[in-house]
Number of protein chains: 2
Amino acid sequence: MSSSPSWEKSMATWEGIQEAHERIAPRIHQTPVLRSATIDALCGAEIFFKCENLQKTGSFKIRGAANAIFSLPEKEAERGIITQSSGNHGAAIACAAAWRRVPAWIVMPKNAPLVKCQAVEAYGGKITFCEPRISARNEAAARVQSETGAVMIDPYDDDRIIAGQATAAKELLEEVGTLDAVLAPVSGGGLLGGTCLSAKQLQPEIRVYGCEPAKADDAYRSLQTGTIQTMDSSDTIADGLRASLAPRTFAILQKHLSAIFLVTEEEIIGAMKLIWGRLKVITEPSSAIALAPLLKPEVVQTISRGGAGSARPRIGVILSGGNVDLRALPF
Amino acid sequence: MSSSPSWEKSMATWEGIQEAHERIAPRIHQTPVLRSATIDALCGAEIFFKCENLQKTGSFKIRGAANAIFSLPEKEAERGIITQSSGNHGAAIACAAAWRRVPAWIVMPKNAPLVKCQAVEAYGGKITFCEPRISARNEAAARVQSETGAVMIDPYDDDRIIAGQATAAKELLEEVGTLDAVLAPVSGGGLLGGTCLSAKQLQPEIRVYGCEPAKADDAYRSLQTGTIQTMDSSDTIADGLRASLAPRTFAILQKHLSAIFLVTEEEIIGAMKLIWGRLKVITEPSSAIALAPLLKPEVVQTISRGGAGSARPRIGVILSGGNVDLRALPF
């Protein structure tokens, strides 16, 4: 329709998601869906954890990065890839670029966790550090791009990235069947936006919720106010959730998202401890956040009431990453 | 044959293993098989990790415990169950007894990790602590049995237990196809013995290896000398590997095992760190030990040469458990 706002034309399509899945499936893990009877009992729900923390490079980010890099024509790919990232997207770009045998330059904030910097370097990525502010990141990325001539792949504001991240929820729903709701963390909105697109396509009645640190509540405020809010820095323990929404991801969330749950630092750590202790998988704080709201009875009641009224709703939780410094655990 | 030694008559059969699998499959997780490109490259092999650390109760022990307890006639089961365990078998017996709604009494050494004692109690098991010596454990178990009249289920020397533990390797081989070798930890020999029975039944050419702490090398010495060697105590970090072989498990290992690899404490910790960092799953020392030998090139070369001579052998590793105190990590 000619009256569609521009974002609708650029929104990642279901066809794009299916193509992305075919393109990346031979290169990535189909990650397991894990369950815990103890966590189910604590939450009063049946929870299905999609373990992208067990994905190659330790996070879902390889889905979008591999889709974007393997979508490029040879002429473009050979110029190399440039991106900016707080960590997991950088490692994923470095890894997928290595698979395609092209160079990768990664701009990272200088407060990024050491374990994430080491991962980028292990995959052969070349790091440029910058001040830990969005503006400084963008400036540094533009400068490195002009110096290298590499192709910029934005961490979120890119349909190929969103379509790639969407394949995690696609796999989850294809494996476990009907769910009442899916929860995922939100930072730039690539994972949460992609989750919305796959979930609403496969199960139109499903509700999708975002989970965000109260200390970095820019996505929450963006949806409240109707315009993208930014946050130039935050010291939340969820180091992967310090970015802000982009036009494409904001548009998807405005259209499809039911709500964003804000979570305290203590709640993030509590959820992380529970996942480590009960699910026995290593989960970073930015990832454990997606369980945290479900430990509050009123949240599960809200999800129950919104659906067919089942007393024990079926809920998907996307565990997004497992890259954490094992010598500096918060418990 | 009348000339068979008595252990052959009592060895768990393939029929027993198949029945065990049917009995327990609805109650347990079919655990995922995980891979890591980095660990493969480090070892020069394709390694398939069967993640029993992600099993219900946090270890494979629920397989044998559930098989034994659900095999009991109602008249016997209602008397309750008694066993002795350094931790994981106790939690599994307590859990399976709770599923069957009968009481469970668990004799544990007083140096068992707190996290394992808490798990037994969480499943409703009643703990009696004893001195950390095999003799003291057996005495305490006999005393509690005479007081309660409960049915004793030995942690290893029981065909129902061995048949249950055998289902882990059965699942692994049914999922991944032909392997050159499988490695599993050895303590009382229930897991390793069961692994031998399933592996040799499904793939007669496969080699099965045990992994044991050099500080608790009683199974190694048993196979060397041809008689069961015991070790009354050990301070190895692999707290689950302090038991000794029993007549049934010793007979199976004598018949089917290719070798036992002895591993230092430092090698156990190194393997544990690698699994946590790369596979992103929580693995206890007693479980990480099964990767440790593969980090030595000469071991992988030995496995290569023993088979069809493939340069990059396909090796299964059974990660047996994930019950570890997160506040006392050895790295």
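Can you pull out every residue in segment B:131-147 that is in contact with a strand residue (DSSP E or B) (Cβ under 6 Å, 6 or more places away or on another chain) and in contact (Cβ under 8 Å) with a residue 40 or more places away in the chain?
Result: B:PRO132, B:ARG137, B:ALA140, B:ALA141, B:VAL144, B:GLN145.
Could you tell me which residue of segment B:290-331 is nearest to B:LEU274 (Cα to Cα), considering only residues that are of a type in the set (A, V, I, L, M, F, W, C) and within 14 Å of chain A (Cβ to nearest Cβ)?
Result: B:PHE331.
How many of the residues making up segment B:112-129 are in contact (Cβ under 8 Å) with a residue 40 or more places away in the chain and more than 14 Å from chain A (Cβ to nearest Cβ)?
Count: 1.
Among the residues of segment A:242-270, how many are out of contact with any Pro (no Cβ under 9 Å at 6 or more places or on another chain) and in a helix (DSSP H, G or I)?
Summing the residues that are out of contact with any Pro (no Cβ under 9 Å at 6 or more places or on another chain) and in a helix (DSSP H, G or I) in segment A:242-270 gives 11.
Output the number of residues of segment A:121-172 satisfying the condition of being of a type in the set (Ser, Thr, Tyr) and in contact with a helix residue (DSSP H, G or I) (Cβ under 8 Å, 6 or more places away or on another chain).
Going through segment A:121-172 one residue at a time, the tally reaches 4.
Kindly establish whether B:ALA104 is surrounded by 18 or more Cβ atoms within 10 Å (Cβ to Cβ) and either of a type in the set (Val, Ile, Thr) or at pLDDT 95 or above (or both).
yes
Given the structure, is A:GLY90 in a loop (DSSP other than H, G, I, E, B) and not assigned by TED's automatic domain parsing to the domain that holds A:THR195?
It is false that A:GLY90 is in a loop (DSSP other than H, G, I, E, B) and not assigned by TED's automatic domain parsing to the domain that holds A:THR195.
If a residue must be closer than 13 Å to B:LEU34 by Cβ, in contact (Cβ under 8 Å) with a residue 24 or more places away in the chain and touching a strand residue (DSSP E or B) at 6+ places or on another chain (Cβ under 7 Å), how many such residues does segment A:26-46 contain?
Going through segment A:26-46 one residue at a time, the tally reaches 2.
Across segment B:123-159, what is the number of residues that are part of a loop (DSSP other than H, G, I, E, B) and of a type in the set (S, T, N, Q)?
Residues that pass the stated criteria total 0.
Could you please find all residues in segment A:159-169 being crowded, with 24+ Cβ neighbours inside 10 Å and either touching a strand residue (DSSP E or B) at 6+ places or on another chain (Cβ under 6 Å) or not hydroxyl-bearing (Ser, Thr, Tyr) (or both)?
Of everything in segment A:159-169, those that are crowded, with 24+ Cβ neighbours inside 10 Å and either touching a strand residue (DSSP E or B) at 6+ places or on another chain (Cβ under 6 Å) or not hydroxyl-bearing (Ser, Thr, Tyr) (or both) turn out to be A:ILE161, A:ILE162, A:ALA163, A:GLY164, A:GLN165, A:ALA166, A:ALA168, A:ALA169.
A:GLN229 - would you say it is polar (S, T, N, Q) and assigned to a helix (DSSP H, G or I)?
For A:GLN229, the condition - polar (S, T, N, Q) and assigned to a helix (DSSP H, G or I) - is not met.
Of the residues that make up segment B:225-234, is at least one modelled with pLDDT under 95 and closer than 29 Å to A:LEU326 by Cβ?
Yes, there is a match, as at least one residue in segment B:225-234 is modelled with pLDDT under 95 and closer than 29 Å to A:LEU326 by Cβ.
Considering only segment A:277-306, how many residues are in contact with a strand residue (DSSP E or B) (Cβ under 7 Å, 6 or more places away or on another chain) and over 30 Å from A:GLY87 (Cα atoms)?
3
Please list, ordered by first then second residue, the pairs with beta carbon atoms under 6 Å, 6 or more apart or interchain, first in segment A:70-91 and buried (at least 24 other Cβ atoms within 10 Å of the Cβ), second hydrophobic (A, V, I, L, M, F, W, C) and part of a helix (DSSP H, G or I).
Partner pairs satisfying both residue conditions: A:ILE81/A:ILE93; A:ILE81/A:ALA97; A:ILE82/A:VAL144; A:THR83/A:ILE93; A:GLN84/A:ALA141; A:GLY90/A:VAL120; A:ALA91/A:ALA119; A:ALA91/A:VAL120.
Could you list, in sequence order, all residues of segment B:166-194 that are closer than 16 Å to B:ILE252 by Cα, β-branched (Val, Ile, Thr) and in contact with a Lys or Arg (Cβ under 9 Å, 6 or more places away or on another chain)?
B:THR167, B:VAL182
Looking at A:THR227, A:THR264, which one is more than 14 Å from chain B (Cβ to nearest Cβ) and in contact (Cβ under 8 Å) with a residue 12 or more places away in the chain?
Result of the check over A:THR227, A:THR264: A:THR264.
Within segment B:278-289, track down each residue that is within 10 Å of another protein chain (Cβ to nearest Cβ) and within 17 Å of the chain's Cα centre (by Cα).
Once the filter is applied, which keeps residues that are within 10 Å of another protein chain (Cβ to nearest Cβ) and within 17 Å of the chain's Cα centre (by Cα), segment B:278-289 yields B:ILE282, B:THR283, B:GLU284.
Would it be correct to say that A:GLU205 is assigned to a helix (DSSP H, G or I) and out of contact with any Phe, Trp or Tyr (no Cβ under 9 Å at 6 or more places or on another chain)?
no
I'd like the residue in segment B:18-43 that is away from chain A (no Cβ under 14 Å) and surrounded by 15 or more Cβ atoms within 10 Å (Cβ to Cβ) and, out of all such residues, is farthest from B:PHE60 (Cα to Cα).
Per the criteria, the residue is B:CYS43.
The values are calculated or read from the model by the stated rules, or taken from the named source; none is laboratory data. On a predicted model such as this, the values are computed, not experimentally measured, just so you know. A quick note on method: Cβ atoms are made from the backbone with ideal geometry, for glycine too, and the neighbour counts reach across all protein chains shown.
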